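Structure, as structure tokens:
The values are calculated or read from the model by the stated rules, or taken from the named source; none is laboratory data. Everything numeric in this text was worked out from a predicted model, so none of it was measured. Note that we place each Cβ from the backbone using ideal geometry, even for glycine, and neighbour counts take in every protein chain shown.
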Amino acid sequence: MPDKKRVLMQGNHACVAGAIYAGMRFYAGYPITPSTEVAEGCARRLPEIGGRFIQMEDEIGSIAAVIGASVAGLKSMTATSGPGYSLMVENIGYAYMTETPCVIINVQRGGPSTGLPTKVSQSDTMQARWGTHGDYTAIAVAPSSVAETVTETIRAFNLSERFRTPVTLLLDEVIGHMREIITLPEPGECEVVERVKPTCPPEQFIPFEMTESLVNPMPAYGEGYRNVITGLTHDTMGFTTNKPVEIAPKLDKLRNKIMRHVDEITRLRTEFIDDAEILFISYGSVARAAFQAAKIAREAGAKVGAIQLQSIWPFPDKELMELCARCRKVIVGELNMGQVAIEVERVLPRDTEVHTLLRYDGEILTPMQLLEKLDEVL
Amino acid sequence: MGALLEKIKIPHDRFEMRLSGSGGQGMILAAVIMGEAIGIGGKKNVVQSQSYGPEARGGASKSDVVVSPNEIFYPKAMRLDLLLAMTQESLDSYYPDLKEDGVLIVDDVLVTDFPTDKYYGLPFTRLAREEAGHVMVANVIALAAIAELTGIVDREALTNAVLNRAPRGTADKNKKAIEIGFREAARLKEKKG
């Protein structure tokens with residue numbers, strides 16, 4: 001077999017490649033730095049393969065169009081940055097409630113408000129979990145390389161279809177804008193999950209039936225099935241309900257369809273963790289600095305390893321507890337004021353020291369800063 | 001405290017370069033071309049990253065290219081093996097990041113104040129305007145000079161990468177720019193011995 005073609009690809013374009021591989025055929029968005037190249041890539045590629053690209057009037061319209069296209073049967077996505085994500089959160093809640101699959105790319109920049117358009121940040125990590133109001137369970141994945149951005153975008157679509165829920169792909173400015181030499185997956189190389197459609201006669205279809213899997217088949221509008229969707233809390237037929245016996249089960253469904261399968265969603269990468277006494281915990285661009293720092297520290301004889309959270313929500317409680325069981329100290333590095341650090345403190349036993357190295361000045365954490373912190377807590 | 005820091009060594013399996021100047025001088029595009037020239041035909045890993053301000057023109061702009069036979073963890077430069085500075089401001093900002101034996105290449109018309117006498121100076125911007133026919137190809141002249149002075153990428157790979165990225169109708173100007181870069185750098189190398 002001939003060698004696969006090597007390309008120098010940008011993180012944002014890797015999103016486009018991954019999404020199209022996963023079958024995405026509808027993109028609606030409003031350009032915003034540092035995510036604009038995702039829209040540019042979709043505008044170029046989608047018309048070539050029979051897909052649709054729409055630049056909407058704003059981010060509210062963009063996510064509304066994405067949800068509409070998904071209900072009409074297409075795998076759909078949008079890309080934005082923090083200010084745009086803030087505008088989208090109301091309708092993302094609508095997607096949670098109506099159980100509509102879609103993928104939202106957030107290439108993070110500094111905030112709050114319009115903040116720092118060209119500067120890196122990871123300060124929307126909690127927003128991806130709690131952005132919209134109400135009780136729900138969110139899925140968010142966070143690649144830290146261009147190659148991973150391709151595969152995690154594919155996975156974001158798979159998870160979205162598998163659980164009928166919106167999935168956020170958290171990138172940061174560094175990963176979105178940097179370019180790396182990669183080879184793209186061949187057709188068939190990566191798993192692609194297709195939407196499950198109803199097979200029963202239309203008159204027997206119960207759109208939100210309480211089944212064992214809690215995830216219902218989803219017809220496209222126009223296929224003959226009656227599929228009522230509303231943001232109001234609804235019964236199994238999709239009609240508005242105020243009955244306590246129907247309200248709680250609906251909310252349980254939204255949570256349990258995901259929480260029963262955390263193992264399927266969780267993905268972590270570990271480096272140098274055998275016999276490690278201290279572990280770095282990080283994600284996105286910071287994970288790259290942490291792997292580098294751990295490598296340098298190992299060469300200097302320190303028993304140090306690094307864990308990258310490739311998926312952040314649902315938080316990988318069990319896996320993190322197991323991986324950190326034998327270590328005395330962890331250092332959480334992130335580009336915010338400690339959004340994941342809070343989760344790590346919640347999960348790890350009290351006798352594990354949780355140290356933090358937090359940067360929110362628009363620059364990436366460097367291996368040297370992580371090594372200095374390591375030296376301080378050793 | 002300090003015991004670990006005394007023992008650590010900066011990795012030797014990386015070649016790190018930074019192309020820096022002012023927004024609009026094409027430093028990011030130059031780094032992308034360099035990344036493609038080294039990475040696509042070869043076997044090495046390449047990461048190209050950048051930082052820039054919100055302005056389309058002006059403001060500081062820099063782009064890093066890291067090359068390694070191994071997996072590149074940290075995507076940005078740590079200690080520069082090569083610094084290209086197209087303005088005084090970029091030289092002042094990034095010279096401290098250059099290794100002691102690192103290669104410094106500057107536009108010696110736009111830079112007037114040198115922190116060291118160990119540098120290669122060429123008038124990239126003037127050469128582009130007066131000889132190549134357009135100020136916009138100063139970045140391509142600089143790329144060819146880097147190739148000639150360091151050997152980090154071979155001529156053919158660089159030429160292909162430049163032409164692959166050149167907008168329609170600019171191939172001739174870009175070819176000329178590459179020739180000028182190789183020629184001037186070779187002359188400079190000879191002069192310095």
Across segment A:69-90, what is the total count of residues that are under 21 Å from A:Ile154 (Cα atoms) and of a type outside the set (Ser, Thr, Tyr)?
8
Working only within segment A:4-38, note down all residues that are free of Cβ contacts under 8 Å to residues at least 60 places away in the same chain and more than 11 Å from A:Val107 (Cβ to Cβ).
A:His13, A:Val16, A:Ile20, A:Arg25, A:Phe26, A:Tyr27, A:Ala28, A:Gly29, A:Tyr30, A:Pro31
Looking at A:Arg195, A:Arg260, can you tell me which residue is surrounded by fewer than 15 Cβ atoms within 10 Å (Cβ to Cβ) and in the same structural domain as A:Val71 (by TED's automatic domain parsing)?
A:Arg260
Contacts under 8 angstrom Cβ, first residue in segment B:4-28 being facing another protein chain (nearest Cβ under 10 Å), partner small (Gly, Ala, Ser) and assigned to a helix (DSSP H, G or I), 6 or more apart:
B:Leu4/A:Ala297; B:Ile8/A:Ala297
Any chance A:Ser86 is of a type in the set (Ser, Thr, Tyr), part of a helix (DSSP H, G or I) and more than 24 Å from A:Asp263 (Cβ to Cβ):
yes
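Hey, could you check segment A:163-193 for residues that are in a helix (DSSP H, G or I) and not β-branched (Val, Ile, Thr) and say which is nearest to the other protein chains (Cβ to nearest Cβ)?
A:His177
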Only residues that are farther than 24 Å from B:Val47 by Cβ and touching a Lys or Arg at 6+ places or on another chain (Cβ under 7 Å): list them for segment A:267-326, please.
A:Asp275, A:Ala276, A:Glu277, A:Ile278, A:Gly301, A:Trp313
Being surrounded by 24 or more Cβ atoms within 10 Å (Cβ to Cβ), in contact with a Leu (Cβ under 9 Å, 6 or more places away or on another chain), modelled with pLDDT of 95 or more and not polar (S, T, N, Q) is the requirement here; does A:Ala140 meet it?
yes
Which residues, counting only those in segment A:259-289, are farther than 19 Å from A:Leu159 by Cα and among the acidic types (Asp, Glu)?
A:Glu271, A:Asp274, A:Asp275, A:Glu277
Select from segment B:54-81 the residues that are within 13 Å of B:Met27 (Cβ to Cβ) and either in contact (Cβ under 8 Å) with a residue 60 or more places away in the chain or among the β-branched types (Val, Ile, Thr) (or both) and list them in ascending order.
B:Val65
Selected residue [of a type outside the set (Phe, Trp, Tyr), assigned to a helix (DSSP H, G or I) and away from chain B (no Cβ under 14 Å)] from A:Leu251, A:Leu214, A:Leu232, A:Leu279
A:Leu251
Report those strands (runs of 3 or more DSSP E) wholly inside segment A:1-83 carrying at least 2 residues which are within 17 Å of the chain's Cα centre (by Cα) and aliphatic (A, V, I, L, M).
A:75-80
Of the numbered conditions (1) out of contact with any Ser or Thr (no Cβ under 7 Å at 6 or more places or on another chain); (2) under 30 Å from A:Val304 (Cα atoms), B:Leu91 fails exactly one; give the number of that condition.
(2)
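Can you report the number of residues in segment A:335-378 which are part of a loop (DSSP other than H, G, I, E, B) and within 14 Å of chain B (Cβ to nearest Cβ)?
Residues that pass the stated criteria total 9.
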Filter result (closer than 19 Å to B:Val46 by Cα, in a helix (DSSP H, G or I) and small (Gly, Ala, Ser)) within segment B:137-183
B:Ala144, B:Ala147, B:Ala157, B:Ala161
Give me a count of the residues in segment B:57-71 that are within 25 Å of A:Val146 (Cα to Cα) and either at pLDDT below 95 or in contact with a helix residue (DSSP H, G or I) (Cβ under 8 Å, 6 or more places away or on another chain) (or both).
6
Scan segment B:14-32 residue by residue and report those that are hydrophobic (A, V, I, L, M, F, W, C) and under 10 Å from the mean Cα position of the chain (by Cα).
B:Met17, B:Leu19, B:Met27, B:Ile28, B:Ala30, B:Ala31
If a residue has to be within 14 Å of chain A (Cβ to nearest Cβ) and modelled with pLDDT of 95 or more to count, how many in segment B:80-93 make the cut?
1
Scanning segment B:29-52 residue by residue, the ones that are under 20 Å from B:Asp107 (Cα atoms) and more than 9 Å from every other protein chain (Cβ to nearest Cβ) total 4
Count of segment A:285-328 residues which are crowded, with 24+ Cβ neighbours inside 10 Å, in contact (Cβ under 8 Å) with a residue 40 or more places away in the chain and either part of a helix (DSSP H, G or I) or within 14 Å of chain B (Cβ to nearest Cβ) (or both)
12
Just to be sure, is A:Ser160 closer than 30 Å to A:Val89 by Cβ, small (Gly, Ala, Ser), under 23 Å from the mean Cα position of the chain (by Cα) and not in a helix (DSSP H, G or I)?
no
